[in-house]
Structures are given as structure tokens and as C-alpha cells.
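Below is one structure, written out as C-alpha cells; comments come after it.
Any read-out appearing in this document is the output of simple, stated calculations on the displayed coordinates, not a laboratory observation. Since we're looking at a predicted model, the values are computed, not measured. Don't worry about glycine lacking a Cβ; one is built from the backbone with ideal geometry, like all the others, and counts go over all protein chains shown.
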Amino acid sequence: MAVDKNLLLEFLLRQGDNALILGHRVSEWCGHAPVLEEDIALANTALDLIGQTQMWLGYAAEVQGEGKTADDLAFLRDAWDFRNVLLTELPNGDFGQTLMRQFLFDAFQSVYLARLLGSTDETVAAIAAKASKEVAYHVERSADTVVGLGDGTEESHARMQAALDYLWPYVGEMFESDAVDTAMAEAGVAPDPATLRDEYDALVTRVLTEATLTIPESRFAHKGGRTGQSHTEHLGHLLTTMQWLQRAYPGNTW
């Protein structure tokens with residue numbers, strides 16, 4: 001089944017923007033993590049995410065067919081053109097909040113990329129094959145850290161519960177389904193994310209239970225990021241930092 005070029009582009013931008021924005025967020029910890037080992041681990045996670053961005057946005061630029069590159073899509077779009085979920089653009093907060101955000105996203109990616117391995121789009125399947133190996137490590141590490149902090153001291157437990165309470169309302173957006181998702185599912189390119197919630201919940205519940213944390217009962221979900229309709233105020237500030245060099249000196253290379 002032929003895939004509409006514009007819908008495929010939208011799908012690819014969602015994948016690339018998630019990795020790009022979260023990768024930038026995680027990179028903000030470089031030199032600021034609580035211990036050296038965590039500083040290195042977070043930097044490596046950010047590098048993995050930026051590497052995934054290069055693949056997703058590189059393919060998006062190819063599909064777009066306007067002679068652009070992954071760099072153009074990363075540095076020359078405005079906030080309303082980005083398609084990342086709101087969860088990825090939220091501020092880091094403390095170390096526990098950063099790792100809780102990472103785990104909630106990693107858990108989704110581990111489930112989603114496993115389905116993309118069987119994509120009818122060979123390039124998508126190849127990207128998923130590489131990214132899934134990295135995400136397998138990411139989700140193991142972030143889950144272990146969530147458990148260690150959640151089931152740690154009274155202070156660490158309280159901070160992790162507060163992080164979960166704050167971030168949980170942003171989880172539901174990852175499972176929102178629209179015309180783009182329907183088209184990708186019908187063409188066999190990607191699964192409808194709405195069908196993955198049960199598998200995700202099972203994984204997350206197992207880890208958070210071990211961490212002695214209570215999952216909020218509400219299924220309310222902030223949304224609008226993956227359609228570009230309603231980003232948080234935080235994305236604009238992030239892009240100002242991330243894009244300023246290319247905006248100030250357009251076209252420069254080194």
C-alpha cells in the first residue's frame with residue numbers, strides 16, 4: 001500500500017523531534033550530574049538520542065525532497081513546526097525527575113521500536129534496528145535508577161513520587177492516535193500507538209511497584225505537542241539555546 005508522502009514526513013518528524021528534544025534536555029546535565037559516573041551515563045544517553053535524531057530527520061529530509069538536511073530540520077524550524085510529545089520538552093528538574101522522565105519515555109520507546117522492526121518501510125525498520133539496541137540499555141538503566149531512588153531513602157522516595165505525580169499527566173499523549181497513525185498502521189509502516197498502552201502499562205507498573213511508588217489513577221493527558229498545536233512555554237526557550245548559533249550565523253560550517 002502506497003504511503004502518502006506528507007503523512008510519512010509527519011511520522012518521521014515525530015520520531016526525530018522526540019529524540020532531538022529529549023537528547024538536548026539530557027545533554028543539559030553534562031558537567032552537572034551528582035556523580036561522575038552519572039555525568040558520563042547521561043552524556044552517552046544524550047549522544048544516543050542525537051544519533052537517532054540524525055537518522056530520523058535525515059530520512060525525513062529525504063522524503064520531503066526539498067534539498068534540506070537533518071541539520072536544517074533541527075535548527076531552522078520554529079516551535080510550532082516541532083512534533084515532539086510534551087514530555088520530552090519539560091525541564092529537567094532534579095536528578096530524580098530527569099530519570100523518571102527518561103524511564104517513562106524509554107518504556108514507550110522499547111515497546112514502540114520493537115514493532116517498528118517489522119515495518120514495511122525498509123529504512124524505518126533499519127533505523128529501529130539500530131535504535132532499539134540503544135533503547136534496550138536506556139530502559140534498563142533508567143528503570144534500575146527509578147527503583148533505586150524510589151525504594152531508597154525517605155527523601156529520595158518522596159522526590160521520585162513527586163516526579164511521577166508531575167510527569168504522569170504527560171504520558172497519555174504518547175498513545176494519542178490520529179490520521180497520521182492510522183495511515184502508518186494501514187500501510188504497515190508503524191503501529192497505532194493507541195494499541196500499545198496495555199503493554200506499556202504492564203512494563204511501567206512492574207518497575208514502579210518495585211520502586212514502591214504509587215501510579216496516579218487519573219488518565220488525564222496533556223497533549224498538542226505531536227501535532228504542533230500546543231507546545232509548552234519551555235520548548236521556545238530550549239530552541240533559543242539550541243538554535244542560536246545557526247540562526248546568528250546562517251549557513252556557517254566548521
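Looking at Leu49, Leu22, Leu42, Leu36, which one is more than 19 Å from Phe103 (Cβ to Cβ) and either under 13 Å from the mean Cα position of the chain (by Cα) or aliphatic (A, V, I, L, M) (or both)? Talk me through it step by step, then tell me what you get.
Values: Leu49 fails: more than 19 Å from Phe103 (Cβ to Cβ); Leu22 fails: more than 19 Å from Phe103 (Cβ to Cβ); Leu42 fails: more than 19 Å from Phe103 (Cβ to Cβ).
Every option except Leu36 fails the conditions.
A quick yes/no check of all residues on (1) within 24 Å of Leu164 (Cα to Cα); (2) touching a Gly at 6+ places or on another chain (Cβ under 6 Å); (3) of a type outside the set (A, V, I, L, M, F, W, C); (4) surrounded by 13 or more Cβ atoms within 10 Å (Cβ to Cβ):
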position	(1), (2), (3), (4)
Phe175	yes, no, no, yes
Val189	no, no, no, yes
Glu210	yes, no, yes, yes
Ser218	yes, no, yes, no
Leu238	yes, no, no, yes
Met242	no, no, no, yes
Gly251	no, no, yes, no
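Could you grab me the full set of residues in segment 87-99 that are farther than 24 Å from Gly228 by Cβ and in contact with a Ser or Thr (Cβ under 8 Å, 6 or more places away or on another chain)?
Of segment 87-99, the ones farther than 24 Å from Gly228 by Cβ are 93-99.
Scanning segment 87-99 gives Gly96, Leu99.
Being hydroxyl-bearing (Ser, Thr, Tyr), within 23 Å of Leu57 (Cβ to Cβ) and more than 15 Å from the chain's Cα centre (by Cα) is true for just one of Thr120, Thr205. Which residue is that?
Values: Thr205 fails: within 23 Å of Leu57 (Cβ to Cβ).
One residue alone meets the criteria, Thr120.
Which one of Ala179, Ala194, Ala136, Ala143 is in contact (Cβ under 8 Å) with a residue 40 or more places away in the chain and under 17 Å from the mean Cα position of the chain (by Cα)?
Working: Ala179 fails: under 17 Å from the mean Cα position of the chain (by Cα); Ala194 fails: in contact (Cβ under 8 Å) with a residue 40 or more places away in the chain; Ala136 fails: in contact (Cβ under 8 Å) with a residue 40 or more places away in the chain.
Going through Ala179, Ala194, Ala136, Ala143 in turn, the sole match is Ala143.
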